[in-house]
1. Using a Cα-Cα cut-off of under 30 Å, which lysines could be cross-linked to residue 416, ignoring same-chain neighbours fewer than 8 residues away?
2. Report the calculated FRET efficiency for residue 275 and residue 85 (r = Cβ-Cβ distance, R0 = 60 Å), to the nearest 0.05.
3. Enumerate by residue number the trypsin sites (Lys or Arg not before Pro) in the range 229-296 meeting two conditions: DSSP loop (anything except H, G, I, E, B), and at most 16 other Cβ atoms within 10 Å of the site's Cβ.
4. Could you sort the peptides 347-358, 248-259, 623-634 by per-residue average Cβ neighbour count (10 Å cutoff), highest mean leading?
5. Would you order 464, 616 from fewest to most other beta-carbon atoms within 10 Å of each residue's own beta-carbon?
6. Label residue 440 and residue 399 with points 7 Å out from Cα along Cα→Cβ: what is the distance between them in nm?
7. So what is the calculated 222 nm ellipticity per residue for the chain, using -39500 (n - 2.57) for each DSSP H run with n of 4 or more, over all residues, to the nearest 500 deg cm²/dmol?
8. For residue 468 and residue 296, calculate 0.36 nm times their separation in residues minus their Cα-Cα distance, and state this gained length in nm to one decimal.
Amino acid sequence: MAEIESDALAPDSVYVMRFALHPAYIAKSYYPAQLLRQAELEAVGSRDRPIRPEAHVTKDWEEREFTTSELFVAGKKSSFERLSELLAAESALPPAFEEIREIEEISSLRVSEKVRPGTHPRNAYELVLHLPSARLAPHNRSEFLRLAEQFGVEVEQGLSLEVRGLWFVPAVGSESQIRELARYSTVRVARPMPALALAPIARSVQIPTRARLPRPEVVDPTARVAILDGGLPKDHSLAPWIETYREMNEGVANSAAYEAHGLAVASAFLFGPMRAGIQPPLPPAKISVIRVLDADSHNQDPFELYRTLAHVEEVLLSRNYDFINLSLGPALPVEDQDVHAWTSLIDDLLSDGETLLTVAVGNNGEMDAASGNARIQVPSDAVNALAIGSASSETGAWSRAPYSAIGPGRGPGRVKPDALAFGGVDAEPFYYLDAGASPVLVPGAGTSLAAPLALRRATEVRAMLGSQLSTLAIRALLLHSADDAGLPRAEVGWGNLPLDVDGIISAGDGVARIVYQGELRPGKYLRAQLPVPLGGFRGMVRVSATFCFASPIDTQSPDVYTRAGLEVVFRPDVTKFAKGAKTPKSRSFFSAAADEASLRNDEGKWETVLQATDRMNASTLGDPVFDVHYNARDQGDQSRETAPLKYALVITIEAPKMINLHQEILATYPDLLVPIQPQIELELPAS
């Protein structure tokens, strides 16, 4: 066991050490809860790390590197010393300490590992601190603030954020001052503050073209939509479709650059990609434009990132909106080791599943992929948000727009971007409204345009089908209808979204689409039935399914970030059992993994989106069901969670030999299935 660093600074004599689990013991059933309790220690977080164990039962283990969990453990110096003495003693370990065999390595976290490389012109940093219990370290925060003042580090405590066991603190100081402060034992990481990014819109050099606008109405006056961006210029043509306009930092001047960005994003939601001489369809809803960026944000404020996040937090906490777009965030590609304050706060506030938030993934896709600089940017790694990249064409053969950032996301949340929407390229720009009282079109491109276009699709579904569908069900429908065209998952996610709402909600001949939505309790099962028409299916049948759920999160444990997971078993016929079996026969549907590490890292059960398709003979489908089990965990340990989990499941059944499949299924289940009728008629663009 490594010794505590002698120069470490500790609140209440509490230190944080690292316990690396042996890779054979990373499943939650092996979590060393009893050991920690008996040793009077507290787990305050965890993360993945590579390791070469001294011994393993796996074949050829000597030549391999394994991924394991590294626990951050807080405790009094005396507690660690007692544990060290027990390990060094020649006598047998007390039974309560037997779980120590699951620990491969115990070490301290050096300052050089805490302070991340990089430069910042304003000497601005983000410091992230562990928060042991008040019983263990009651003076953790106050002692940190005292030391920061002593070392000459300016801390903006009013902008600090606490999210699920971590304290995110913005600060200004020299690198040497930050290194001194990083000796504080509960500091987990100190990294240069990234700049604020707007996923800039590349405007093409063309003569502006006169725009045709629809009549001043919307399809659904009840939908609540917010655009969080740089506000709007004084002169614009959007007034008939603006519900409210709000400036989060009142009394501060606008930034012309941010206003132009905000106008482009608002135009993309209201009218989609516009065309000269063509009148777009009615907007799906009015929008509330909320200015979260202003002249102060533009004037090199070292804390602009946290001030802006505070505005975003206030809007999300208000619960005033069902649909929100965010085409801004830190200029920072995601990393696997730690979760950023933007991501964790947004995920935490979206964990109730009530709000659909679209986020632009960033325009850094042409940067160096090997270094990670082309990877999606924070906060598009949020598992409870919809991360949107850009497709290169609206109507022709499409691919990922070259500038659109690539995945994967962190695990869980590996499939990122979630989807693509048209964002424009030089050869096929995205036209949107320019400033001025007279409406004119200008061409551009960027994921900042693709994200609000995806939100438009979601709001169109709400406008078309009404409020009987939850926002989670709408999200599931969007991802279910996305087409990946066989392109790499890291580039297109689940695929490119359909061009219009009809491609999301309609089912043609020989096709039936069923939507389940509701709540699950931890440890309980849901049996989702695949409806079978009277007389059964005929011919070959293709079944596609998409699960979506909103998950509580553990910010301090990126390796076990989602606290909820679904185990889904497909049973083609619940009346058929193998000899001696107590449960009906199952068939592989969603990809299964052999061990906990694979489940964590390979789109396993802790992902918030599950999607798969299978083709089978009708004769195998007697009474088919999906059996769904909700698992809950807390920092990788068993959870006492009792709150329900909101979910949505979309199933599409295709039987080409049964043209009237949809009607036959409804006739077979008149009291079970409720047809969702369109609330409006589609309005086609005027020519």
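1. Partners found: 28, 114, 286, 524, 605, 646.
2. On the way: r = 77 Å, r/R0 = 1.28.
Step by step, r from the Cβ atoms, then E = 0.20.
3. Those satisfying the criteria are 234.
4. Working: 347-358: 22.3, 248-259: 15.6, 623-634: 19.2.
Sorting 347-358, 248-259, 623-634 by mean packing, highest first, produces 347-358, 623-634, 248-259.
5. 616, 464
6. 3.5 nm
7. Counting only the DSSP helices, I get -5500 deg cm²/dmol.
8. 57.7 nm
We did not get these values from a lab; they are worked out from the coordinates using the rules stated. Predicted, not measured: the structure shown is a model, and the values here were computed from it. Reconstructed Cβ throughout: ideal geometry from the backbone, glycine too, with neighbour counts over all protein chains shown.
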